[in-house]
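Everything on this sheet refers to the single structure shown next.
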Amino acid sequence: GQQRYPAPATADAGAPGPAGPGPALEEGPCGWGPCNPRALQLCNNPEGYLAAYSLLAIFQGIVVNGLVNISISTIEKRYELNSSLTGLISASYDVAFCVLSLFVSYFGERGHKPRWLVFSAFMLGLGSLVFSLPHFSSGKYHYGSKIEDTCQAAETSFANATCSASANSSLHKYLYVFILGQLLLGVGGTPLYTLGTAFIDDSVPKHMSSLYIGIGYAMSLLGPAIGYVLGGQLLNIYIDIQVPKRQDTAYTKVDQDDPRWLGAWWIGFLACFFALWLLIIPFSCFPKHLPGTAKIQAEKIAETHDDGSQVLVQANNIGQHFKDFPVALMILLRNPVLMSLIIASSSEALVATGFATFLPKFIENQFGKSSSFAATLGGLVLIPGAALGQVISGVLVSKCKMSCKGIIKFMISTCSVALILNTVFLFAKCGNEPFAGVFETYNGTGTLYNLTAPCNAKCKCLRSMYYPVCGRDEVQYFSPCFAGCTSYLFNNMKKTYHNCSCIGKAKRENGLEDVLYEAIPGKCPTQCKFLPLFLTFFFFAVVFTFMATTPTTVAILRCVPDKQRSFALGVQLVFLRLLGTIPGPILFGVAIDNSCTLWDINECETKGACWVYDNKRMAFLLMGISAACKIVTIIFVVMAVYFYKPPPLTKALPRKTSGKISAI
């Protein structure tokens, strides 16, 4: 069951390795020490590593970009956190990534990269476990008495009771556990997209690198998609698995339509904890370099930007010790091609993360869809579009065997097409639908931007309970209470409201419609028919946007000294987060809040989320941010082409590797 394996291959037996003279590249069998089963050698190649890398990237995406995002609203309600605090939870991942990215990529460059991915899988699993712990230590969920959504003239002082109860709760202390979980996830994610990607580039021929990296990046996008689907299904399960049976009639049994319902957000994190720790096994058996790496490196052609940095790094053997860290960092920061590509990719990341966060909200408000359906549509556009774009660009760069300069020019064309497609916001926007107390009055009574009118003044409605209903007059109302409805019935399992003092007569006389109901739950059907057009154009905008992702990574790997490639990816990811993924959702959130016309005021008179938006203003603001970022991207990619100078000798001559990894 075991196989004898040849001695570690060397490109130059006399060349100095990472720690003095010896083999340049330590190739070896797949296994654990002396245990090298023959079956494992089938995986000891770039394809086997890519499969393991893809699985780790998928599970990282499931947890970080899928389960965390879809569980945030449930965590807010369960642990009584406001949106700014849950925003801190989300940002904790990027904080850990930024702090560690430079150091991990610098020290890992000369280390055993697959073992760094063992560490990555371990920390990602540990972070998933820690993130789920609050559920097990916070006790059972007590959902309280049923909230009445109809007009109740004799309302009790429910608002004050809720406000004081919330103020005295200690559940918000679990915030620190969630932050710790996200920090651990950030620590685990750092080696994956720096050292893990560089290891792929080390192990395959130059013209195949973009294809392998594109496949790996595309597979990583499956993670958020799976996370959203899995998380959405788990939220249909009650948070404590079994809904408690109450003897007291005040505590009626909750169902998924009840605002008090909370889903089992924690199950997905627990499952990913076990799956991620299982991935430690395959990564622990890979050698430091895959068989054939030395030959591949010897045949590669250097395309490093000709600014003298390659000679400087090789002559002074920079990167061997910690004292070289500042010098190595300055070499990269002074590389104009690298910095132009980094700023361009950061600008693209700002738009991508902004839309990933708020596209469902845009669809929900612009086209009048439910939040769950809008999230599904957003996922169907973003995930396949991004994956397709990365695979297509990887294949094109690989098949056309583009040079470094050719790759950067290719990025200019894709970004320009994406900018043109971005104009979909100009002609596929919708007007504002009729909304009583916001965009129109209550049948001529009351005022605009004021939910209270004479017809509902005695109802004592809560502005914190947004439960929209559509009246028979085709006007939307904030809740059955604000519509003045005093009773409801169930007709064929569908809830209908009656005796509504604020709702006018039906606009269309068609038989018994007047008699059947006065209002039904949900938003009124939108009159805007631009949704298919918007989704089509936006899908192709996403495809062309992400067609620049894989080429950017390949161009960065080619334009820096061969011993600094992992470090260059680390520098890129720091800027990507500081300039892109961290400010992106914040900037988009500020723009969307700027288009708000009706805010939530809770029982404690604190302003919360926005209930109603001005659709046209929202569309123009998002279009402006997206177009501005696209223009910045194009400018800096053009600058990269201008600054790039290829090495003097670019003929494909076999050469010796001296120490570590040659340039591609």
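The values are calculated or read from the model by the stated rules, or taken from the named source; none is laboratory data. Predicted model, so just to flag it, every value in this text is computed and none were measured. No Cβ is skipped: glycine too gets one built from the backbone with ideal geometry, and neighbour counts run over all protein chains shown. Side chains included, ligands, DNA and RNA excluded: accessible areas come from the protein's heavy atoms. Shrake-Rupley method; radii C 1.70, N 1.55, O 1.52, S 1.80 Å.
Side notes on the structure shown:
- Normalised radius of gyration (Cα atoms, divided by 2.2 N^0.38 Å) for the range 398-548: 1.61.
- Coupling constants for the range 585-591 follow from the phi torsions by the Karplus curve (6.51 cos²θ - 1.76 cosθ + 1.60, θ = phi - 60°), and in residue order they are x, 5, 5, 5, x, 5, 5 Hz; glycine and proline get x.
- Order of exposure, largest accessible area first, which applies to 110, 558 with probe 1.4 Å: 110, 558
- Contour excess over end-to-end distance, with Cα ends at residue 277 and residue 399 and 0.36 nm allotted per residue: 40.3 nm
- Averaging 1/r over each pair of different alpha-carbon atoms in the range 325-484 and inverting the result gives 20.4 Å, the Kirkwood hydrodynamic radius.
- Each peptide in 530-542, 633-645 receives the mean, over its residues, of other Cβ atoms within 10 Å, and ordering these scores from highest gives 633-645, 530-542.
- To put it simply, the accessible area of the range 39-86 at a 1.4 Å probe is 62 percent carbon and sulfur.
- Debye log10 I(q)/I(0) for the range 422-472, one point scatterer per Cα, at q = 0.26, 0.27, 0.28, 0.29 Å⁻¹: -1.10, -1.15, -1.21, -1.25
- Global size of the range 29-105: 19.1, 55 Å for Rg and Dmax (C-alpha atoms, Rg to one decimal, Dmax whole).
- Under-5 Å amide H pairs with residue 598, H placed in peptide plane, nonlocal only: 611, 612
- The heavy atoms of residue 113 present about 10 square angstrom of accessible area, all protein chains included, probe 1.4 Å.
- Accessible area per residue in Å² at 1.4 Å probe, computed on the range 391-545: 49 Å²
- Percent of beta bridges antiparallel (DSSP, the range 377-501, rounded to nearest 5): 80 percent
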